[in-house]
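Notes for the one structure printed next.
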Amino acid sequence: MSFAPVRKADLLARLAAGQATRVCVVTPNRRLAQELSREFDAGQSAKNLKVWETADILPFTAFVERLYEDALYSDLAAQLPLLLTTAQEQALWESTIRTSKWGEALLAVPQAAGNCLRAWELAQGWRIAGALASFPGNDDARAFADWSRDYARRCEREGNTDAARLADVVAPLLKEAALRKPRLLVAYAFDVVTPQEQEFLAVCADQGIEVVTCAPERRKSKPGRRVFSSAREELDAAAQWARARLEAGAQRIGVVVPELGQRRKEVARVFARTLHPAHNLPGAQRKALPFNLSLGAPLADYPLVRAALSILELAAGEIPFEQASRLLRSPYIAGADGEMARRALLDAALRKRAPARVTLGKLVGLIEGCPVLRQRLEALFAVPKKDNASPHDWGRHFTALLDAAGFPERSLDSDEFQTRAKFNETLAEFAKLERVTPKMSFRQALASLKQCADVLFQPETPDAPIQVLGVLESAGLEFDALWVSGLTDDVWPLHARPNPFIPPALQRKAQIPEASAEATLERCKRITEGWLKAAGEVIVSHSTREEDRELLASPLISGVPGLMGTPETRSVARYRDVIFAARQVEYVEDGKAPPLATKTPKGGTRILADQSACPFRAFARHRLAAEALEEPVEGLDARARGLLLHSLMKELWTELKGSAGLVGDVGPAIEKAATRAVAAAKLEDPFAGLERKRLAKLAWEWLEVERGRAPFTVAAMEEKRKLKVAGLVLNGRIDRMDALESGGHALIDYKTGKPTPNEWLGERLDDPQLPLYALNAKEDISAVAFAKLRTGEMRYMGFSDREDLVPGVKAAKDWKALLEGWKKELEALGQGFAAGDARVDPKDLLNTCRYCDLQPLCRVYERVNALGEGEAADD
């Protein structure tokens, strides 16, 4: 930038003279403008001034927009194109893409439009837009050249311009007196100046504005380098160092974290825990944290906005139950404070009977016990429907829907208030799409609104002394102390990232920094040099490992001397460690519960199965009634499929009666059984038709297995029985019992998984259901068998008292001994449950616990440290 430089001290002195001097400072980004303004205000306050004029410091783009607005509210307005908002630009790019020859081939038009918008800004800023069509490139580049030509023509035809070309619109107007031009224009801390910016500043100079440059002051520093074993250890050390510097009196502390976008939540958690350990204690007064993250989160990810968008999606049609569940429990719907507990219970109940996707009408019909919630959702349902409307009308309709739901009724804290205000701005931006977008459907309007809400946002907080920044956001800033972390060789220098829609050769020719490795390296070198002189104390650091991968230091910091010893930090104990250290230990026998007070517990044979797997599981489920929240699934879950299969077999054998019914055509019986089973499950078409076909096919395959048996008669189906064991009386239901022509009865249990009779052998029977039925049966039991109803694997398996009784069922070596062994094991399981045995004692360690939903309650992984992957090698 070929303009005269000025010292920063002189700049601040001229700003202190007030607005009469007409000094304006422009910066490359908003953060630098804020920091320079803060520094100026601090200097004025240090002079013991009570009031002073605000310095005119703003980003370059904001300066250009201000000049444009001056012209817009003057006699020049008639000759000006209208400036499109970002949302309008996005919509115009989408329309251009969809109407092009490339549009039908693209699956993600909004994402392509967003990439086009960024490529267009790059092409305008670096003066390569005119070469797009003539420069050779791939399909993406050719498509963008076509789209950009059509986009520019439409803008010209409709009298529009965009932010990328606004400087070119404003530059010719600088000769007009209507514009409030500064006397002195200072370009502050520009590391990279685009040709467009250079030309604009040159026009300013031609029109009599004195243009100068200014750079941040470079400080004397002795930088040092530290090495850590992991990125987490490095981040903890940086946070503790920042606290130590804050307590030592440092006013401006910087911590640079590469890939801050990906690690944002982790960084916020570590710094909050270190700098204000009590920030999330229940009942604690909410205070502003002493640090600020430079990168916000998408507006749509904030709970308040997510709730608003969910209300609108529910009004539009079906939404996943999990989304409806969050909405039911949201604090932003009217009446939430008074009904919070009841709404949580309602959510748990709905998980057992609601479908995987729900509509507003369906949800209203399912709500019980929450009158305010139901009233609000009924009001939402009653809002008149719209078909096609303009964005402006849809904006009003969305507001009416949110009002009907009572959103948000409760008082908002500062962050929520700012989030709501930003969402209101987003609604207003969406309504402005009317200028470039025709009428649209509800779904299209909602998709456009969600896209408008996909912008980074961060509520404003009081000025924080600690700034946590990304790599590029830190360039040009000054601090009292600075820690730059994560400088491994795969992160720094940055990799070249040429825009995919512009030919890379064209970008390199224009010397765009991100386009080539050489230009990117040079820029990273400048940023590194700036870091090393940005504060009196500078620490650069990196980690040596990421999981199993070794990491090396960036070559750009190889010349920084290593620091010996541990960094000067302020170690902060975590609340959990403080509480643990202050513990007064009292030992209790937690594996022993009070004896069972009833002889008829609920839970049936599942009690013994759970007692076998783990005594605590049986105690928690059948005495504490502990259970995980269910999750509705699409179609039928495993339990529903099992019930449907049992219903099929019951209906089938009701028709066939036994082996005699297998003679002749069984087709009508199969069709009738499948139809009745589907009807009993209350399935609806087209899913009902698919299930009927599946069940019929399965029945045909299974009856081929049954035809291979000796004659039998079905004696019982789905028969309820009382089962006695260890003084307990349990409820059971026999799937099926056959009377055998050769004598005796066979007990049959339907299974669709991978059963094995070995589950009935040894200690702690894995599946004690059939053994318990056999011991309690009044009939003479000659065989117990699993009926494996799995396509392609249909067969019987089990044990009998003699050979060849049922195909696939083996004769036990000693039938009586087998029954005695079952009785002994079942009595032990029943006695253990009745006596209150509640030990955390998984039978097969990790294999038993892997899919158990009680781990948060029993905390088995804290008790059994040996539950490693090695022990599950056979799983």
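Within region 306-328, can one find any residue that is assigned to a loop (DSSP other than H, G, I, E, B) and touching a helix residue (DSSP H, G or I) at 6+ places or on another chain (Cβ under 6 Å)? Among the residues of region 306-328, not one is assigned to a loop (DSSP other than H, G, I, E, B) and touching a helix residue (DSSP H, G or I) at 6+ places or on another chain (Cβ under 6 Å), which makes the answer no.
Remark: pairs (first residue in region 286-309, closer than 22 Å to F271 by Cα and hydroxyl-bearing (S, T, Y); second residue modelled with pLDDT under 90 and open to solvent by 20 Å² or more (accessible area, probe 1.4 Å); Cβ separation under 6 Å; 6+ apart in sequence or on different chains) = S294/E473.
Could you grab me the full set of residues in region 737-796 that are buried (at least 21 other Cβ atoms within 10 Å of the Cβ), part of a strand (DSSP E or B) and small (G, A, S)? Matches in region 737-796: A746, S782, A783, A785, A787. Please indicate, with yes or no, whether at least one residue in region 446-460 is on the phi > 0 side of the Ramachandran plot and open to solvent by less than 60 Å² (accessible area, probe 1.4 Å). Scanning region 446-460, I find no residue that is on the phi > 0 side of the Ramachandran plot and open to solvent by less than 60 Å² (accessible area, probe 1.4 Å), so the answer is no.
Kindly indicate whether any position in region 142-150 is closer than 19 Å to R435 by Cα and at pLDDT 90 or above.
Yes: region 142-150 contains one or more residues that are closer than 19 Å to R435 by Cα and at pLDDT 90 or above.
Among the residues of region 567-584, is there at least one that is among the aromatic types (F, W, Y) and either open to solvent by 30 Å² or more (accessible area, probe 1.4 Å) or at pLDDT below 90 (or both)? Within region 567-584 (the criterion being among the aromatic types (F, W, Y) and either open to solvent by 30 Å² or more (accessible area, probe 1.4 Å) or at pLDDT below 90 (or both)), the answer is yes, since at least one residue qualifies. G798 passes every criterion in (1) closer than 30 Å to G591 by Cβ; (2) touching a Lys or Arg at 6+ places or on another chain (Cβ under 9 Å) apart from (1). Only one of the listed residues (F40, F63) is closer than 17 Å to L477 by Cα, hydrophobic (A, V, I, L, M, F, W, C), touching a residue at least 12 places away in the same chain (Cβ under 8 Å) and part of a helix (DSSP H, G or I). That residue is F40. Applying a threshold of 8 Å to beta carbon distances and a minimum spacing of six or more residues, or different chains, the list of pairs starting in region 97-115 at a residue that is outside any helix (DSSP H, G or I) and ending at one that is aromatic (F, W, Y) and buried (at least 16 other Cβ atoms within 10 Å of the Cβ) reads S100/W147; W102/W147.
All of A715, A660 fail the test of being part of a helix (DSSP H, G or I), over 14 Å from H646 (Cα atoms), open to solvent by 20 Å² or more (accessible area, probe 1.4 Å) and modelled with pLDDT of 90 or more, apart from A660. Number of residues in region 372-388 that are charged (D, E, K, R) and in a helix (DSSP H, G or I): the value is 3.
All of D162, D150 fail the test of being of a type in the set (D, E, K, R) and in contact with a Ser or Thr (Cβ under 7 Å, 6 or more places away or on another chain), apart from D150.
In region 676-689, the count of residues that are under 26 Å from K788 (Cβ atoms), open to solvent by 40 Å² or more (accessible area, probe 1.4 Å), more than 34 Å from the chain's Cα centre (by Cα) and not small (G, A, S) is one or more. Filtering region 463-485 to residues that are open to solvent by less than 30 Å² (accessible area, probe 1.4 Å) and either over 17 Å from A534 (Cβ atoms) or not in a loop (DSSP other than H, G, I, E, B) (or both) leaves A464, I466, Q467, V468, L469, S474, A481, L482, W483, V484.
Taking D139, is it closer than 30 Å to K101 by Cα, surrounded by fewer than 16 Cβ atoms within 10 Å (Cβ to Cβ), modelled with pLDDT under 95 and within 40 Å of the chain's Cα centre (by Cα)?
Working: closer than 30 Å to K101 by Cα: yes; surrounded by fewer than 16 Cβ atoms within 10 Å (Cβ to Cβ): yes; modelled with pLDDT under 95: yes; within 40 Å of the chain's Cα centre (by Cα): yes.
Judged against the criteria, D139 is a match.
So, in region 336-361, exactly how many residues are loosely packed, with under 14 Cβ neighbours inside 10 Å and of a type outside the set (A, V, I, L, M, F, W, C)? Final tally of qualifying residues: 5.
Can you tell me which residues in region 17-37 are of a type in the set (A, V, I, L, M, F, W, C), in a helix (DSSP H, G or I) and open to solvent by less than 40 Å² (accessible area, probe 1.4 Å)?
L32, A33, L36
With respect to A288, is the statement that it is open to solvent by less than 50 Å² (accessible area, probe 1.4 Å) and either in a loop (DSSP other than H, G, I, E, B) or touching a Cys at 6+ places or on another chain (Cβ under 7 Å) (or both) true? For A288, the condition - open to solvent by less than 50 Å² (accessible area, probe 1.4 Å) and either in a loop (DSSP other than H, G, I, E, B) or touching a Cys at 6+ places or on another chain (Cβ under 7 Å) (or both) - is not met. Count of region 572-601 residues, restricted to those that are farther than 30 Å from A278 by Cα and free of Cβ contacts under 8 Å to residues at least 40 places away in the same chain, is 4.
Number of residues in region 604-639 that are open to solvent by less than 40 Å² (accessible area, probe 1.4 Å), outside any helix (DSSP H, G or I) and over 25 Å from A356 (Cβ atoms) equals 3. All of P493, P503, P498 fail the test of being in contact (Cβ under 8 Å) with a residue 24 or more places away in the chain, farther than 27 Å from G254 by Cβ and not hydroxyl-bearing (S, T, Y), apart from P503.
The values are calculated or read from the model by the stated rules, or taken from the named source; none is laboratory data. All values derive from a computational prediction rather than experimental measurement. Backbone-built Cβ (ideal geometry, glycine too); neighbour counts: all protein chains shown. To get the accessible areas, we keep the full protein, side chains included, count just its heavy atoms, and leave off ligands, DNA and RNA. Shrake-Rupley method; radii C 1.70, N 1.55, O 1.52, S 1.80 Å.
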